[in-house]
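The structure appears below as structure tokens.
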Amino acid sequence: MRRVGGVMRRNMDKLLRYAGQIALYTLFAVFIGYFSVSPRYRHLQADEALLRLSFSHSGKITADCRQRAPEELAKLPANMRAPLDCQRERSPVIARVELDGAELVHETFAPSGLSRDGASTGYRRSPIAAGRHRVRVQFNDDVRVRGFNYEGDRVIDAVPGQVVLIDFAPERGGVLIR
């Protein structure tokens, strides 16, 4: 008879353990469910649009290649005797964005990589009031050029919640505002 009582006790302990696990899992699911929808996140106010600058571009090489002298070539190991000496470093990309004549962004984006030979990547976002605006964008991707060598100017009608994208792609015409 004692044996039966011990089995009942073990069954009761098991039942309590399962009930506790169910209660904890339910509580955890309610916690996750609540915070997946609350508090509500708004990335823009009801009367705002977003102006987003986003690009990845490799600037021009900072210096021209130079011809190596025959004496200089003779000093180099046979496998490194390239007649031209070319640097890898690229120019940083300078971006300037104006909205209705007011400057929003004027920043220099350095090239990536240990040798500074990769692409410059830029990402900036600016909430703007919905409505008609004049957007002027300028880029410079060559340290040997004074000022800006790419420019785009456009009038936009931004509606609330709209994202206006500014991209830099010289192979597609330079400054893209869409």
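May I ask for the Kirkwood hydrodynamic radius of segment 137-178, worked out over all distinct Cα pairs and given in angstroms to one decimal? Walk me through the numbers before you get to the answer.
Working: mean 1/r = 0.0860 Å⁻¹.
The Cα-based Kirkwood calculation yields 11.6 Å.
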Notebook entry, point to check: Residue by residue through segment 119-136, which ³J(HN,Hα) values in whole Hz follow from phi under the Karplus form 6.51 cos²θ - 1.76 cosθ + 1.60 (θ = phi - 60°), with glycine and proline marked x?
Noted result: 7, 8, 10, x, 8, 9, 10, 9, x, 10, 5, 5, x, 7, 9, 9, 10, 10
Checklist line | Net dipole in debye of segment 26-178 [+1 Lys, Arg Cβ; -1 Asp, Glu Cβ; about Cα centre; nearest 20] | finding: 200
Next item on the list: Compute log10 of I(q)/I(0) for the chain with the Debye formula, placing one identical point scatterer on every Cα and leaving out solvent, at q = 0.10, 0.18, 0.19, 0.20 Å⁻¹, to two decimals.
Entry: -0.63, -1.11, -1.17, -1.23
Checklist line | Nearest-ten-degree value, helix 2-37 long axis tilted from longest Cα axis of the chain | finding: 40
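Could you work out the Rg to Rh ratio of segment 54-156, with Rh taken as the Kirkwood radius (inverse of the mean 1/r over all Cα pairs)?
On the way: Rg = 19.5 Å, Rh = 16.2 Å.
With Rg and the Kirkwood Rh in hand, the quotient comes to 1.20.
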Next item on the list: Express the accessible area of the chain per residue in Å², computed with a 1.4 Å probe while the remaining protein chains stay in the model.
Entry: 70
Check: Which Cα, out of Ala63, Val159, Gly131, lies furthest along the positive dipole direction of segment 61-176 (beta carbon charges, K/R +1, D/E -1)?
Finding: Ala63
Note to self: Per DSSP helix of 4 or more residues, -39500 (n - 2.57); summed, then divided by the residues of the chain. What does that give at 222 nm, rounded to the nearest 500?
What the structure shows: -8000 deg cm²/dmol
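The values are calculated or read from the model by the stated rules, or taken from the named source; none is laboratory data. All figures in this text were calculated on a predicted structure; none of them were measured in a lab. Backbone-built Cβ (ideal geometry, glycine too); neighbour counts: all protein chains shown. Keep in mind that these areas ignore ligands, DNA and RNA; they rest on the heavy atoms of the full protein, side chains included. Shrake-Rupley method; radii C 1.70, N 1.55, O 1.52, S 1.80 Å.
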